[in-house]
Amino acid sequence: MVIDILALLVALVAGSIPFSWLIGRYRYGVDLRSTGDHHVGSGNLQHLGGIWAVVVATILDLLKGAIAITVVLAITSDEWVVLTAGVLVVLGHVFPPWLSFAGGRGAAPAIGVAWALFPLAGLAMLGVGFVALVSTRKTVAGIAAAVVALVVVAWFVDGDLSRLLFVALLFISVGLKDAVDRVWPRRPSG
C-alpha cells in the first residue's frame, strides 16, 4: 500500500514539471501564461522559439510520462496503480501546483505514458509523430499521427486491449481538454 502511494506520487510530481514553461521563462524570458494561447505547453512555445524549441519541450514532456510509468512499473505490478499513475502524470502536467494549477493540455505526457505501456508500438508512434510534427510544424498534426500509429501498431503487435482502451480514453480526455480550451480560452495571468 505504501509503495503504491509512493508510485502515484512519483507520477504526479513527474507530470507537474513544466518543461515548456521553464524553456520559455529561462531561455526566452517569457512566461507562457502571458502570451499566445496562455497555456504552458509546447504548442504555445512555438511562437517564441520555433519548431526546435517545440521539439525539445515535447521530448522532455514525453520523457517525463515515459520515465514516470517505467519507474512505477519497476515499483509495482498492480495494473490499477500503473494506469492511475498514467492519469496522474497527465493531471500533473495539466494542473501543476507550481504554476497555480495552470498547465498545458497533456498530449505529450500522455504520449509518453502510452510509449511506456506499449514500448514497440510506442517507437512507431514516436517516429510517425515526429515526422508529422516537423513536416507540418503543427503540434496537433504530430499528436494525431502519433496516436493513430500507436493504436494501429499496438492492436496488431501487442494485443493488450485493456491498456489500449485506457490509452484511447486518456487521449480522448486530452482532446476534450483541448476542445474546452478552444471554446473558453484562458485569460492572461497576473
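Of the two radii for the chain, the radius of gyration is 0.96 times the Kirkwood radius, both from the alpha carbons; that is the Rg over Rh value. Across Val180, Val153, Val13, mean-square fluctuation computed from a Gaussian network of the chain (C-alpha pairs under 10 Å connected) peaks at Val180. Select from Ala68, Ala107, Ala124 the residue whose mean-square fluctuation is largest in a Gaussian network model of the chain (Cα-Cα springs shorter than 10 Å). Of Ala68, Ala107, Ala124, the most mobile in the Gaussian network model is Ala124.
Give me the number: length gained by fully extending Glu79 to Ile67, i.e. 0.36 nm times residue separation minus the C-alpha to C-alpha distance, one decimal in nm.
Details: separation 12, 0.36 × 12 = 4.32 nm, distance 1.66 nm.
My answer for the length gained is 2.7 nm.
Between Arg137 and Arg25, the modelled labels are 2.8 nm apart [label points 7 Å from Cα along Cα→Cβ]. Scanning the chain for helices, which whole DSSP H stretches are 18 Å or more long along the axis (Cα) and average 1.6 or more by Kyte-Doolittle? Helix filter hits for the chain: 2-15, 79-94, 119-136, 139-157.
Every number here is computed from the coordinates shown, using simple stated rules; none is lab data. In this text, all values refer to a predicted model and were calculated from it rather than measured experimentally. Cβ: placed from backbone, ideal geometry, glycine included. Neighbour counts: every protein chain shown.
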